[in-house]
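Notes follow the structure.
Any read-out appearing in this document is the output of simple, stated calculations on the displayed coordinates, not a laboratory observation. Keep in mind that this is a model prediction, so the values were computed, not measured. Using ideal geometry, Cβ is built from the backbone for each residue, glycine included, and neighbour counts are taken over all protein chains shown.
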Amino acid sequence: MRIVIQGGRVIDPTHRTDRVADLFIADDKIAGLGQAPAGFIPEQVIDARRQVVCPGLIDLCARLREPGQEYKATIASETAAAAGGGITTLVCPPDTDPPIDEPAVIEWIRRRAKAAGQARVLALGALTHRLRGERLAEMAALKESGCVGVSDGGRPIVNTRVLRRALEYAATFNLTVFLTPVDPELGHGLAHEGQVATRMGLPGVPAAAETGMIARDLELVRDLGVRVHFGRLSSARSVELIARARAEGLPVSADVAVHSLHLTDMDLVGFDSRCHVRPPLRGLRDKDALRAGLASGALSAICSDHQPHEPDAKQAPFGDTEPGISGLDTLLSLSLHLAQAGVLPLMTVIERLTCGPAQILGLDRGHLGVGATADVCIFDAEMEGLLESAYLRSRGQNSPFIGWVLPGQVTHTLLEGRVVYQRTRPGKVSLAL
Amino acid sequence: MSALSIQLDPQGRLRHFLTVEGLTRRHLTDILDTAESLHGVAERRVKKLPTLHGKTVVNLFFEASTRTRTTFELAAKRLSADVLTLNIATSSAVKGESLLDTLRNIEAMQCDMFVVRHQQSGAAEFIARHVKPHIAVLNAGDGRHAHPTQAMLDVFTIRRHKPDFPNLRVAIVGDILHSRVARSLIHALSILGTGDLRVIAPRTLLPTQVENLGVQVFHRLREGLRDVDVVVMLRLQRERMEGALLPSEQEFFQQYGLTEERLALAHPDAMVMHPGPINRGVEIDSRVADGPRSVILEQVTNGIAVRMAIMSITLGYQARSAGEDA
């Protein structure tokens, strides 16, 4: 299939491109930009005038709930939501049931994703067997079957000796280790430790629950020189630690969940269980520092930290609800919101959603160079709309952003040169998402 | 939407009673005045008023309680309501029924009021958001968050002895961190304009930024007790010892236990309060608990009148019950 995307504003951070041009796609590859390749006769023309054309988004952390929690969501339902949100690559953490600690599970996920055909699903393999933090997972075998990194899947490895060996073993096979820093004892709480938690009587989680672990892990990285990525940072001090480590030249990177860039602990008032997340929403100062970290490059990626839930999981007193926000549908819009508010240039926003995460994964994706895989997202950056639950494509309707007016409407998503999503109701201007 | 907006109707009247935070002095004095008028009922030969005749009150206790549960039961009965008490900690919750399912089932029995105690902060508010509109929800304690009826009976007891709140010095002593009583009492005393409000505890038993609630923080009992008019001792739960919050009961008593000698530092006619149940020899010496300054049992008695008042007000019977029947 030969497709030309006509007249769009092409933004490709890898090549510092930001100009109005036609983008040519032949089969599953980018064939040209601006100038049609010799003899190119398009079979399909996509009109992208007044729209932005950028690489398909890469989401570093999305729980698809399969295998094991199909009552919450499935690979088919969530990859469809991803396509609708302009996301072409999803990274799935290993804390499924069974966990991704053997090649068969990766193979199974790959088959399911392929059958759905809506987005590319990449898996993180387990760092330790059954994610128990006790003995090493068979990382070499996991790598051979295609995992893009190894991870504790949100569970910290408490035993520093085990962690050190796991880091060394992963590095032996050139695997990046994805850590979610939280001290299990200090992290045992429901809200950011501060004035709001005090008033609401919710057990607090101090920022030190995160920074203490980052500091420990950075010392191991310094000793071993292994590549580590820290996921879902929540505090100002964490950003400082990562910025300093990167300035020193340590091979580390970090991301932030998009909701942490918009919400604070104040949003818990009224015990809104949709804002129950881990790590907890922190203070205004932390939110601002996370935004600044994205601007400075201390944080290389924005992820959805997608955690879809069935309604019952959130229908209980705050502490009895399950943490997590359904985020695939709003990743792009909430990120664009930062550009609209002047927090980040549009180019940087797109960089943190495309080539930033690609670099962390060590993948040649997230750009529109000739010969690259044709994963493309086309969206209207200006169009605003009220987010209503009916427009969430994810099975999980647990979003605190329902009722927000957000910019950005995806009109087309292409995966490997194939249109996997096309907005069907162009007349309905108010339905932004 | 906060608890404040859900517990008031559009005219600003209480339709649930979930937290003291955010209420006005008028709300509080209405409750106190109504309680005052109901206080005499217990001394009458027939200890009953017809106010809630034909109404059904359900006590939903997801957490064990004796004092609070029985005083709520008595309060409802003295207002002629039908009362049903469910100790859910030991029934359906164990079988895995969700809170909403439990609620729907009890709602189907045509009740008018839920009195809720739950181990999770925000539980009463959650229930208030999900019940049918005619049902009033009273918070009988939710996690560490609030215990507003306890706070009201405490300020009721204080007002009977020392009504001049602006010139009052009150110290709350002990486990503030885990205490819903302390949080609600701090709010109630602040709203009533209490001049000098203190908390006294080691740092491990104080929540972060507690001073933002409008209290002075003391870590030494001797300093904090100086010249206070009211000492409120909080219960120290024994399991806190295992959480590495304190080294031992003995050391806690040595540092923070209220003895006669320490009470002497307070104002000569200082009153001693405790929400109960008390741990003799842990937070309070028996001679103080049973001594002339103690109003601990009076608090229990007052709890009934205060809960009668709150039940009447939230079901819309404020004026009548206060004036005509008493």
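Sorted by mean Cβ packing within 10 Å, highest first, what order do the peptides A:161-167, A:300-306, B:288-294, A:38-44 take? Write out the running numbers ahead of the final one.
Details: A:161-167: 18.6, A:300-306: 27.9, B:288-294: 16.9, A:38-44: 9.9.
In descending order of packing, they fall as A:300-306, A:161-167, B:288-294, A:38-44.
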Modelling each spin label as a point 7 Å along the Cα-to-Cβ direction, I'd like the A:GLU107/B:ARG26 distance in nm, to one decimal.
7.4 nm
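Would you please classify the overall shape of the stretch A:57-361 from the alpha carbon gyration tensor, given that a ≥ b ≥ c denote the square roots of the eigenvalues, rounded means a/c under 1.5, and beyond that prolate means a/b larger than b/c while oblate covers the rest? Write down the numbers at each step before the final one.
Values: a/c = 1.27, a/b = 1.12, b/c = 1.13.
Rounded is the answer for the stretch A:57-361, as its axis ratio a/c remains below 1.5.
How high is the relative contact order of the stretch B:92-211, given as a whole-number percent (alpha carbon pairs under 8 Å, six or more residues apart)?
Working: 170 pairs, mean separation 24.6, N = 120.
Relative contact order here is 20 percent.
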Could you let me know the centre-to-centre spacing of the stretch B:67-87 and the stretch A:158-198, using Cα atoms, in angstrom?
49 Å
Taking Cα centroids, how far is the stretch B:116-134 from the stretch A:1-76 in Å?
48 Å
Hits among lysines - C-alpha to C-alpha of B:LYS77 under 22 Å, sequence gap 8 or more where chains match
B:LYS47, B:LYS48, B:LYS55
Rounded, prolate or oblate: which fits the protein assembly as shown when a ≥ b ≥ c are the square roots of the eigenvalues of the alpha-carbon gyration tensor, with rounded for a/c under 1.5 and prolate only if a/b beats b/c?
prolate
Going highest first, how would you order A:276-285, A:116-125, B:59-68 by mean Cβ packing within 10 Å?
A:116-125, A:276-285, B:59-68
What is the distance in Å between the Cα centres of the stretch A:268-342 and the stretch A:94-130?
24 Å
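On a full-extension model of 0.36 nm per residue, what is the gain between B:ARG67 and B:GLU239, subtracting their alpha-carbon distance, rounded to one decimal in nm? List each step's numbers first, then the result.
Working: separation 172, 0.36 × 172 = 61.92 nm, distance 2.03 nm.
So the extension gain works out to 59.9 nm.
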Expected output is a single nm value to one decimal: the length gained when fully extending between A:GLU388 and A:ILE402, i.e. 0.36 nm times separation in residues minus the C-alpha distance. What is it?
4.5 nm
Only Cα pairs under 8 Å and at least 6 apart count here; give the relative contact order of chain B as a rounded whole percent.
21 percent
Stretch gain in nm, segment A:ASP47-A:ASN174, where the contour uses 0.36 nm per residue and the Cα spacing is subtracted
41.5 nm
Among DSSP beta bridges lying fully in chain B, give the percent that are antiparallel, nearest 5.
5 percent
Evaluate the distance, in nm, between pseudo-label points positioned 7 Å from the Cα of B:ALA264 and of A:SER296 along their respective Cα→Cβ axes.
5.9 nm
Can you compute the FRET efficiency between A:MET1 and B:ASN212 using 1/(1 + (r/R0)^6), with r the Cβ-Cβ distance and R0 = 60 Å? Round to the nearest 0.05.
0.45
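Hey, got the average number of other protein chain Cβ atoms within 10 angstrom for residues in B:108-121?
2
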Shielding of A:262-270 by partners, i.e. mean partner chain Cβ atoms within 10 Å per residue?
2
Under the 7 Å Cα-to-Cβ spin-label approximation, A:ASP312 and B:ARG222 lie apart by a distance in nanometres of 5.9 nm
Starting from the Cα gyration tensor of the stretch B:190-265, take the square roots of the eigenvalues, sort them a ≥ b ≥ c, and report rounded, prolate or oblate (rounded when a/c is under 1.5, otherwise prolate if a/b is larger than b/c, else oblate).
oblate
What's the ranking of A:381-391, B:197-207, B:300-310, A:224-234 by average number of surrounding C-beta atoms within 10 Å, highest first?
B:300-310, A:224-234, B:197-207, A:381-391
Estimated FRET transfer efficiency when R0 is 22 angstrom, pair A:GLU134-A:GLU219 (beta carbons, to 0.05)
0.50
FRET efficiency for A:VAL370 and A:GLU185 from the Cβ-Cβ distance with R0 = 35 Å, rounded to 0.05, comes out at 0.10
At a threshold of 8 angstrom on Cα-Cα distance, excluding pairs fewer than six apart, so keeping six or more, what relative contact order does chain A reach in percent?
19 percent
Determine which residues of the stretch A:366-391 fall in the zone a paramagnetic label at A:PHE40 would reach in this model, i.e. backbone nitrogen under 16 Å from the point 7 Å along Cα→Cβ.
A:368-377
I'd like to know which of B:VAL215, A:GLY283, B:ILE186 lies farthest towards the positive end of the charge dipole of the protein assembly as shown, counting +1 on Cβ of Lys and Arg and -1 on Cβ of Asp and Glu.
B:ILE186
Counting DSSP beta bridges in the protein assembly as shown, what percent are antiparallel, to the nearest 5?
35 percent
Partner shielding of B:168-178, taken as the mean number of other chain Cβ atoms within 10 Å, equals 1
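Which of B:THR24, A:THR88, A:THR321 comes first, and how do the rest follow, when ranked by fewest Cβ neighbours within 10 Å? Write out the running numbers ahead of the final one.
Numbers: B:THR24 11, A:THR88 30, A:THR321 23.
With the sparsest Cβ surroundings first, the list reads B:THR24, A:THR321, A:THR88.
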